[in-house]
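Here the structure is laid out as structure tokens; the discussion comes afterwards.
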Amino acid sequence: MAGMNRLAPRLDLRQSQQLVMTPQLQQAIKLLQLSNQEVAQFVEEELAQNPLLERDEPGAESAAPEVPDAGAGEAPAAAPEERLLDSVSGATETKEAPLDIDYDNSFSRGADEPVGEGEFLGEWKGTGGRSDFEDSEFGLEQTLARQVSLREHLLGQVGVDFAEPVERVIAARLVDLIDDCGYLTTEVADLADKLDVPVADVERVLLRCQRFDPAGVFARSLKECLALQLRERDRLDPCMAKLLDNLDLLAKRDVAQLQRLCGVDVEDIQDMVAEIRTLDPKPGLAFDGALASPIVPDVLMRLAPDRSWIVELNQDTLPRVLVNTRYHARVQTSVRNKQEKEFIAERLHAANWLVKSLHQRAQTILKVSVEIVRQQDGFFRSGVRHLKPLVLRDIAAAIDMHESTVSRVTTNKFIATPHGIFELKYFFTSSIPASGGGEAHSAEAVRHRIKGLIDAETVRDVLSDDRIVELLKADGIDIARRTVAKYREAMGIASSVQRRREKGSGF
């Protein structure tokens with residue numbers, strides 16, 4: 001009977017915890033790790049699909065107070081137009097706590113965040129005015145001349161240089177087979193087989209194409225590319241051809257071997273190397289080279305009159321949106337069924353949540369940035385040699401946030417400083433112990449010190465890794481030889497033997 005009772009059905013009440021990631025919380029986490037430009041793109045997508053959101057244009061009148069979503073249980077979002085100015089030295093309390101994602105993925109309130117009472121200074125603010133091009137028929141980008149591509153440039157020469165239809169087809173196909181650097185990416189025999197023409201015909205057309213502008217295009221190797229450019233300058237003599245045959249020795253700076261093979265003295269070798277350095281190993285990039293996108297900082301800092309640091313968000317890239325409560329009130333009175341009512345309620349809830357998430361994201365980034373500036377004050381005042389060892393845990397403990405939140409905030413975010421623009425991750429470096437039990441040194445500061453020692457070398461005094469260790473220990477840095485070698489190789493600096501050979505060769 002006892003065994004049967006154990007198998008009988010019964011009701012038990014148990015309490016447990018379960019991790020729940022709501023779509024809104026996932027959105028908040030996603031926004032936190034995006035840069036300002038990526039957030040602006042995300043907001044544009046939300047504006048396109050949510051009729052209750054509108055862009056908060058500079059100088060525009062503020063919208064009516066936002067109506068909280070009664071069914072969502074969320075507090076109204078703080079005014080998105082609130083100024084976000086902070087200083088390392090004293091300020092007042094903000095209205096919203098920064099966003100902190102803890103292990104349980106819940107919002108938590110951090111320590112009180114100081115906010116400066118002053119206005120933004122002009123040098124950090126955009127004009128907020130309209131561009132001279134806004135009212136014109138064409139945008140600024142439409143007034144720029146289009147750059148001719150490498151293939152267009154070469155095809156134009158094909159039309160002039162080749163009259164025979166078969167040769168034109170072969171030449172056009174060769175143009176299609178070059179890469180962005182201008183090198184031919186296929187074998188001549190393979191192309192001849194595909195076009196069903198003799199290999200000699202393809203070779204003949206290729207030789208003519210190799211005289212096209214820019215010099216060096218249609219080469220099949222670096223050696224051939226340099227040789228084509230030297231032939232264009234009438235500088236491809238037998239000695240230079242021999243030097244091109246031994247580019248591996250040139251990379252090793254083996255002057256003695258190059259002298260023997262080329263049959264010239266040291267001065268001639270130096271002149272030949274100087275000539276090669278004026279050549280372009282990738283001639284095609286002069287046409288199709290992509291323009292580098294400038295880095296736009298997410299955070300700005302400047303020195304206040306009292307010598308403290310003022311940290312603020314870059315308002316020019318910070319997306320600003322409002323909930324259009326007037327439109328919501330108008331459409332709310334014209335709903336026809338339950339489905340429309342639910343759609344409007346869901347859009348209002350999503351709009352309110354986005355505004356609140358953007359404000360909390362801004363506060364969180366600002367709070368982390370201020371603490372980084374406070375802890376790395378020596379770097380900002382005196383340079384990289386005064387960069388302190390810092391890990392995510394140090395910042396998280398100081399501002400009462402979770403380490404994962406600090407990691408998200410510092411990912412893909414940049415700060416404009418008196419020393420230039422740096423990624424926030426740059427300020428987190430491991431520590432190198434100090435000799436004699438002193439204060440530890442930042443690994444980045446040690447790398448900078450190693451580079452400075454090597455840059456100051458002379459031909460007669462090239463520092464070995466052991467000698468660098470001795471010099472660093474004299475400066476109070478306790479570091480192993482293998483660590484010096486690792487840092488040196490990471491910076492792309494050759495060994496002492498190679499450096500001595502390079503300095504002795506004169507090129």
Residue satisfying condition, being more than 30 Å from residue 32 (Cβ to Cβ) and surrounded by fewer than 18 Cβ atoms within 10 Å (Cβ to Cβ), within set 302, 307: 307
Subset of the stretch 13-27 [aliphatic (A, V, I, L, M) and at pLDDT 75 or above]: 13
Helices (runs of 4 or more DSSP H) contained in the stretch 345-430 and holding at least 1 residues under 17 Å from residue 25 (Cα atoms), hydrophobic (A, V, I, L, M, F, W, C) and not assigned by TED's automatic domain parsing to the domain that holds residue 450: 403-410
Residue within the stretch 274-286 that is among the small types (Gly, Ala, Ser) and closer than 30 Å to residue 151 by Cβ present: yes
Lone qualifier among 439, 444 - being part of a loop (DSSP other than H, G, I, E, B) and out of contact with any Cys (no Cβ under 6 Å at 6 or more places or on another chain): 439
Residue within the stretch 368-387 that is polar (S, T, N, Q) and in contact with a helix residue (DSSP H, G or I) (Cβ under 6 Å, 6 or more places away or on another chain) present: yes
Boolean, residue 501 is more than 30 Å from residue 276 (Cβ to Cβ), in contact (Cβ under 8 Å) with a residue 60 or more places away in the chain and part of a helix (DSSP H, G or I): no
Selection within the stretch 187-210 - of a type in the set (A, V, I, L, M) and free of Cβ contacts under 8 Å to residues at least 40 places away in the same chain: 188, 189, 191, 192, 195, 197, 199, 200, 202, 206, 207
From 296, 331, 273, 255, residue being within 29 Å of residue 367 (Cα to Cα) and either more than 24 Å from the chain's Cα centre (by Cα) or surrounded by fewer than 16 Cβ atoms within 10 Å (Cβ to Cβ) (or both): 296
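The values are calculated or read from the model by the stated rules, or taken from the named source; none is laboratory data. Being a predicted model, the structure only gives us computed values, none of them experimental. For neighbour counting, all protein chains shown are included, and Cβ atoms are generated from backbone atoms with ideal geometry for every residue, glycine included.
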